[in-house]
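Engineer: First, the structure itself, so that you have it in front of you.
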Amino acid sequence: MASRMGLIGCLIVVVALLNGATTQVTAAVEYQVGDSLGWAVPPNTSYYSTWASSKTFFPGDKLTFNVTNGTHTVAMVSEAEYNACTKVTSFFELQPSVSFAYTLETASTYYIICTISNHCEQGQKISFKVESTGLPPNSASSLSVGALFVVLTTTAISFLTYF
């Protein structure tokens, strides 16, 4: 009986360790838009699209727009305004060495442009999608593996307890 209880205790510890190893938790991430370039007229029109495509955004993540030279704005716009580089009247104006931080609150597609002169037409605009869940795309399979271990271990404990 004592060896059976020791085996059950070991199985419980193994399940706890495996479950902890397979469960993934994501924390909010802070991104500096454009990395070292910051928020400026980019060297090419696809610069910010390329930058955003290498990231996966979730609600709670924060975007920081840093300006290193010149005057720039951060304007949240519709898709049509983004595509046409429409100048809007609601924006945040930034000067050198000033930054603006925005926390992504909801899962959606965001469209942001600079409304100064022809900056938008020169590529100073960014669009990206915020995913609806805080779990990375591959975590569902990890959680399934964890659930499988729990079921198998519970079955083994039940078997050992009653036989």
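Where a number appears in this text, it was derived from the coordinates with a stated rule and is not lab data. Because the structure is a prediction, the values reported are computed rather than measured. Reconstructed Cβ throughout: ideal geometry from the backbone, glycine too, with neighbour counts over all protein chains shown.
Engineer: Cut-off under 20 Å on the C-alpha distance; same-chain residues fewer than 8 positions from Lys62 excluded. Which aspartates and glutamates are left, in chain and number order?
Structural biologist: Output for Lys62: Glu30, Asp35, Glu93, Glu105, Glu131.
Engineer: How far, in nm, would the chain grow between Ser99 and Thr45 when pulled straight, counting 0.36 nm per residue and subtracting the alpha carbon separation? Mind dumping the intermediate values first?
Structural biologist: Working: separation 54, 0.36 × 54 = 19.44 nm, distance 2.21 nm.
The Ser99-Thr45 span can extend by a further 17.2 nm.
Engineer: Count charges around Lys62 for me, please; just the other residues with Cβ under 11 Å from its Cβ, Lys/Arg as +1, Asp/Glu as -1. Write down the numbers at each step before the final one.
Structural biologist: Numbers: positive: none; negative: Glu30, Asp61, Glu105.
Once positives and negatives cancel, what remains is -3.
Engineer: Can you figure out the FRET efficiency of Asn118 with Glu30, using R₀ = 22 Å and their beta-carbon distance, to the nearest 0.05?
Structural biologist: Details: r = 30 Å, r/R0 = 1.35.
Here the calculated transfer efficiency is 0.15.
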